[in-house]
1. Please identify the pairs in which a residue from the stretch A:82-98 that is facing chain B (nearest Cβ under 9 Å) has its Cβ atom under 7 Å from the Cβ atom of a residue that is in a helix (DSSP H, G or I), counting only partners at least 6 apart or on another chain.
2. Going by the structure shown, is B:E403 within 17 Å of the chain's Cα centre (by Cα), on the phi < 0 side of the Ramachandran plot and not small (G, A, S)?
3. Does B:G176 satisfy the condition of being within 29 Å of B:P421 (Cβ to Cβ), outside any helix (DSSP H, G or I), free of Cβ contacts under 8 Å to residues at least 24 places away in the same chain and not basic (K, R)?
4. Show the residue pairs meeting these rules: Cβ distance below 7 Å; 6+ apart or different chains; first residue within the stretch B:198-214 and over 21 Å from B:I235 (Cα atoms); second residue aromatic (F, W, Y) and not in a helix (DSSP H, G or I).
5. Which of the residues that make up the stretch A:205-234 are within 14 Å of ligand 2 (Cβ to nearest atom) and surrounded by fewer than 19 Cβ atoms within 10 Å (Cβ to Cβ)?
6. Which residue out of B:A345, B:A350, B:A340, B:A359 is buried (at least 22 other Cβ atoms within 10 Å of the Cβ), in a loop (DSSP other than H, G, I, E, B) and within 14 Å of chain A (Cβ to nearest Cβ)?
7. Can you name every residue in the stretch B:45-87 that is surrounded by fewer than 12 Cβ atoms within 10 Å (Cβ to Cβ) and touching a helix residue (DSSP H, G or I) at 6+ places or on another chain (Cβ under 6 Å)?
8. What's the total number of residues in the stretch A:99-115 that are in contact with a Lys or Arg (Cβ under 9 Å, 6 or more places away or on another chain) and more than 10 Å from chain B (Cβ to nearest Cβ)?
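The values are calculated or read from the model by the stated rules, or taken from the named source; none is laboratory data. Everything numeric in this text was worked out from a predicted model, so none of it was measured. Here the Cβ positions follow ideal geometry from the backbone for every residue, glycine too, while neighbour counts run over all protein chains shown.
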Amino acid sequence: MNEMTMIDRDVTTGTLKISARKAQVYYGETHAIKDVDIDIEDKMVTAFIGPSGCGKSTFLRCLNRMNDTIDICRVEGQIQLDGQDIYDPKVDPVQLRARVGMVFQKPNPFPKSIFDNVAYGPRIHGLARNRADLDEIVEKSLRRAALWDEVKDRLQAPGTGLSGGQQQRLCIARAVATAPEVLLMDEPCSALDPIATAQVEELIDELRSNFSVVIVTHSMQQAARVSQRTAFFHLGNLVEFGETGDIFTNPSDPRTESYITGRIG
Amino acid sequence: MSDSTHDLPPGSGLPIAPRGDRPLLTELDPRTKKRYAAERRFKALGLTAVCIGVLCLVVLVSSVLRQGLPAFTQTFIDVPVYLDPATLDPDGNRDPEQMKSVLTFGYQPLIAAGLERALDDRGLGEQVTADEVAGLISRGAAAQMRDYVLANPEKLGETIDFNFVANGRVDGYLKGRVTMESAALDSQISPEQLQLVDKLRDAGLIEKKFNWAFITGPDASGNRPEAAGMGVAIIGSAYMMLVVLVLALPIGVAASIYLEEFAPQNRFTDIIEVNISNLAAVPSIVFGILGLAIFINWAGLPQSAPIVGGLVLTLMTLPTIIISTRASLKSVPPSIRDGALGLGASKMQAVFHHVLPLAAPGILTGTIIGLAQALGETAPLMLIGMVAFVRDFPDAPPAGLFEPASALPVQVYNWTQRSDPAFVERASGAIIVLLIFLVLMNTVAIILRRRFERRW
Ligand SMILES: Nc1ncnc2c1ncn2[C@@H]1O[C@H](COP(=O)(O)OP(=O)(O)O)[C@@H](O)[C@H]1O
Ligand SMILES: [Mg+2]
């Protein structure tokens, strides 16, 4: 394929990681997600953008069945991970979440030491055979999250004592440590200052080499900076999905255009 | 320097904006004045309320202390008693089994004689009779002496110095409760006897000592207030607290965790929730009736036993523990649960690894407050027979849980019901012990909470 739409971006067609067909989400009577079809590729950053309340978080939480924890929430349609339906009754959501990790909007480190925060996932999933293994996983994850140099001398200090940006990177390290295949991030930078945001964005770009990353963001600049694919949601519909460059330079739907030019928000 | 600066334009030399008819910042406008007046009135009201509360507390505590502290000291009389072999061992073979045939009745005259002789030695005992002398000493003295002789038969024929508990009236006289005037009207003591007490005191034969038997000893009958102790009641209360802790804590915490973290939100759980709150408000005597019907009449458990008391108090404490545990589980931020679930922890792991440790201080506090409530509870225990007069200490648990015992608050109630005024002092003393236990428990609650919270 030799189209002109490729900007100076590393966009190559990869393999399919997650696909949704006719996905519907209801909160009781509220129809929050309507007929969403989307293909999320491996080793690629996909950004979900859209006005507040349009269902970005809701859809993101469908991808690792975090919506199961909400009693009134009901999901219909089909969502597949590597070709397997994740809403199959035989699928164990706990096992699914070990493969599809999540980072939340507000940094939420456990009130335990930095080490224990990162080691928690490997411990419950039995990823480390011994203490040396665990130490290695923790160091590797903290390095991936660009936090190692800042905390290597105080791994036993409480994770809640770090700054906001450090806490969020700790949460990313914690998610990375369980070796997921997909990393879901719900507005990971919304509670961070610009410098911490820049660090996390840089990190996301690096994570792409190992994971497929899905990030919800309310900042279009951020979507443009970090993602290769962008999905624009509006009132529960997936309005437009495509290469990030296309969406921002050449939106095909008038709603997308008004949103990125700031007319709906 | 601050005097001159306020005339100067700040910094740039620009002219100051005209103030117009707005008031000076240093002037209070009428609205602000009114607001401050309201604030002052509210503060004064609050302070008054606090003062009234503190005053009531001070009056309560000081009256309990004033009445109850004397119970912790007791009057003792030194009596050298000649253990007359002719009376105590008529067979002359020093066999304790045969010496048992001499009842306390036989010991009584020896004590009187001993005291008389001690008075004679000091030239004090001319005008008193043996009966009057014997009346100074507790009726339990003869039993105490008999126990000693049966345990040490070889001491017969010697003169032993006994330290007997004085009669309650004598004790009352030294503590100012009994006076010459009241003694004149009292069949149990006469002014002559009190004069004798004065002499004994001058001679150094009579003294007040700290009264361990009040705390560790068993209760005594209504005409021996000087010997009454609350040992059995303390043990009974301790056993019941043990039962409550062992049952109510795990059941309460498990129920709360299930309701808060696992149970679906539906009509059924709503009903359970409402009813738990209602249970917390049920009068405690109702739990006593329930306990009587279920544990004693239906399950056939023994009356007056700490196990039954503990079970009844468990029922009563459960709602308190469940409510406070649920409140502290609720106060754990949901983001912690999300964090754990998002990493692939199961619900149970999320709860036990992350939520429960954070909720622990609240759970502990709730439990200890529940226990403290249970410790002071009287009404339900009376219905299950714990008002009975119990003199024998129960064994160690678990067997002791099924033997009759008393409980501290019931003991207080019991003593206030007795006619001898010496029991008023005893009851207040028991209240002091009860309050000390409650303060200790609350202190433990505070310390535990601090320790848990200080981890981060
Ligand atoms: N737990 C919930 N219960 C009921 N409705 C919810 C819940 N979470 C989200 N919603 C509704 O679903 C819609 C989408 O919300 P959300 O996914 O959070 O939007 P976004 O993340 O795009 O701002 C909103 O209308 C919101 O009110
Ligand atoms: Mg959101």
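1. That search, which allows pairs on different chains as well, returns A:P93/A:D68; A:R97/B:L341; A:R97/B:G342; A:A98/A:H125.
2. Answer is no for this residue.
3. Working: within 29 Å of B:P421 (Cβ to Cβ): yes; outside any helix (DSSP H, G or I): yes; free of Cβ contacts under 8 Å to residues at least 24 places away in the same chain: yes; not basic (K, R): yes.
Answer is yes for this residue.
4. Going by the 7 Å Cβ cut-off, the qualifying pairs are B:E207/B:F76; B:K209/B:F76.
5. A:H218, A:S219, listed by residue number.
6. On the way: B:A350 fails: in a loop (DSSP other than H, G, I, E, B); B:A340 fails: in a loop (DSSP other than H, G, I, E, B); B:A359 fails: in a loop (DSSP other than H, G, I, E, B).
Step by step, each of B:A345, B:A350, B:A340, B:A359 is checked, and only B:A345 is buried (at least 22 other Cβ atoms within 10 Å of the Cβ), in a loop (DSSP other than H, G, I, E, B) and within 14 Å of chain A (Cβ to nearest Cβ).
7. none
8. Total satisfying the criteria: 1.
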